[in-house]
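Contents: one structure, followed by commentary.
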Amino acid sequence: MSATTLAAVAVKPRQMELQELPIPEIAPDAGLLRVQATGVCGSDWPMYLTEKPGPRILGHEMVGVIEKLGPYARDRWGVEEGDVVALEEYLPCGHCEYCRSGEFRSCFSTDSRIEGSIRYGSTALSLAPSHWGGFSQFLYMHPRTVLHRVPKGVPAHIAAMAIPLGNGFQWAYLDGNAGPGKTVVIQGPGQTGLACVIAAKAAGADQIILSGLARARHRFDVAKKLGANITVAVDEQDLVEVVAQATGGRMADLVIEATSAGTEIINSTLKLVRKRGTLLLASRKGAPVKDFDLDRMLGMQMTVKGVRGHSYESVEMALKEMAMGRFPLELLSTHVVGLDGVDAALRTIGGEDQREAIHITVAPWEQSEHA
């Protein structure tokens, strides 16, 4: 094995450099991952635009082969060198009330907004051993790593979608209780919106309605192949009217708001929810909601809940769904690039070029021109 690893390092806002970094020594309670594929997430874009917390390796949707494993880590994780695993971005403390109850995504040690916290894909290069992101050939496996075995036969570029697809199962099924007899409205045809379509369909929802802008019409075609019954271009149709017509005026049992729209969308979204229905808010807006229609929320006796991330269970669901092959997940994986293509991939996710991408995967041992 080489003594160095090649990584795409975000050195400044909008500036990526390929750097050779020394491969770290592995302690008895840690490991080393040979990265096969890492997904590009929408949340990577705002991190690429800021200089804080300093130069770092982005990428947190990682799949790879365990290259080296300390004996304590082997006992803790129950894996061996050579096993193919998918990693979560979280590095939970393991002892707080959230970790002990199985909700480690709420552990304060996993929140990158809190000083001193660490997680994959957002931790500075200055914190040893520096290898904290998946846009690299090798990744340091911290003792607090949360990992999943990848089922045999699942390609790396598909397994790299375990995190966004896990979000879909978390929000639509575990948090939203999608299932038979229910109408689900999903606002936003991005990675997680389409993942929610898959999860709602797998759960047996009667009707799945996906909305977005007309320019995302190619994603509507994908959504229907994944199980959506109705797609709505909100700049051409009235979404409230469409949902009312589809439900005989009853409206939706579950609405998931996962768009990049501003706060103005929230009050109109409330109109989509039936009495005693559920609204899940999954996208940050960066500002308070002006004139929030509290009276409607109270009058309709609806549940409004903020959701973030995924549980261990939901990622396992995603991987099992991949193994079963019931959905054409290849439709989601639109591009595979090498480390030399990370900058362009981020700009695509950020909407700065015209490529029609859904999920882009970085394969660190390949060259982009061969992808």
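The values are calculated or read from the model by the stated rules, or taken from the named source; none is laboratory data. None of these values were measured; they are calculated from a predicted model. For neighbour counting, all protein chains shown are included, and Cβ atoms are generated from backbone atoms with ideal geometry for every residue, glycine included. Please note that ligands, DNA and RNA were not included when accessible areas were found on the heavy atoms of the full protein model with its side chains. Shrake-Rupley method; radii C 1.70, N 1.55, O 1.52, S 1.80 Å.
The number of residues in the range 240-261 being closer than 13 Å to Pro189 by Cβ and open to solvent by 10 Å² or more (accessible area, probe 1.4 Å) comes to 4. From the list Val222, Val240, the one residue that fits, being at pLDDT 95 or above and under 30 Å from Glu330 (Cβ atoms), is Val222.
Selection of the range 135-157 for residues being surrounded by 17 or more Cβ atoms within 10 Å (Cβ to Cβ) and closer than 23 Å to Tyr72 by Cα yields Phe138, Leu139, Tyr140, Met141, His142, Arg144, Thr145, Val146, Leu147, His148, Val150.
Listed by position, the helices (runs of 4 or more DSSP H) contained in the range 262-371 that have at least 1 residues being surrounded by 16 or more Cβ atoms within 10 Å (Cβ to Cβ) and in contact (Cβ under 8 Å) with a residue 40 or more places away in the chain are 265-270, 312-324, 342-349. Within the set Arg105, Arg113, Arg119, the sole residue that is open to solvent by 10 Å² or more (accessible area, probe 1.4 Å), under 22 Å from Val150 (Cβ atoms), assigned to a loop (DSSP other than H, G, I, E, B) and modelled with pLDDT under 95 turns out to be Arg119.
Among the residues examined, Thr231 does not qualify as more than 26 Å from Pro328 (Cβ to Cβ) and of a type in the set (S, T, N, Q). Against the condition modelled with pLDDT under 95, outside any helix (DSSP H, G or I) and among the aliphatic types (A, V, I, L, M), how does Ile186 come out, does it pass? Judged against the criteria, Ile186 is not a match.
Counting only residues that are farther than 25 Å from Lys290 by Cα and either loosely packed, with under 15 Cβ neighbours inside 10 Å or of a type outside the set (A, V, I, L, M, F, W, C) (or both), the range 223-235 holds 5 of them.
Could you say which residue among Tyr72, Tyr90 is out of contact with any Cys (no Cβ under 6 Å at 6 or more places or on another chain) and more than 19 Å from Glu316 (Cβ to Cβ)?
Tyr72
Each residue in the range 31-46 was checked for being out of contact with any helix residue (DSSP H, G or I) (no Cβ under 6 Å at 6 or more places or on another chain) and modelled with pLDDT of 95 or more, and 6 of them qualify.
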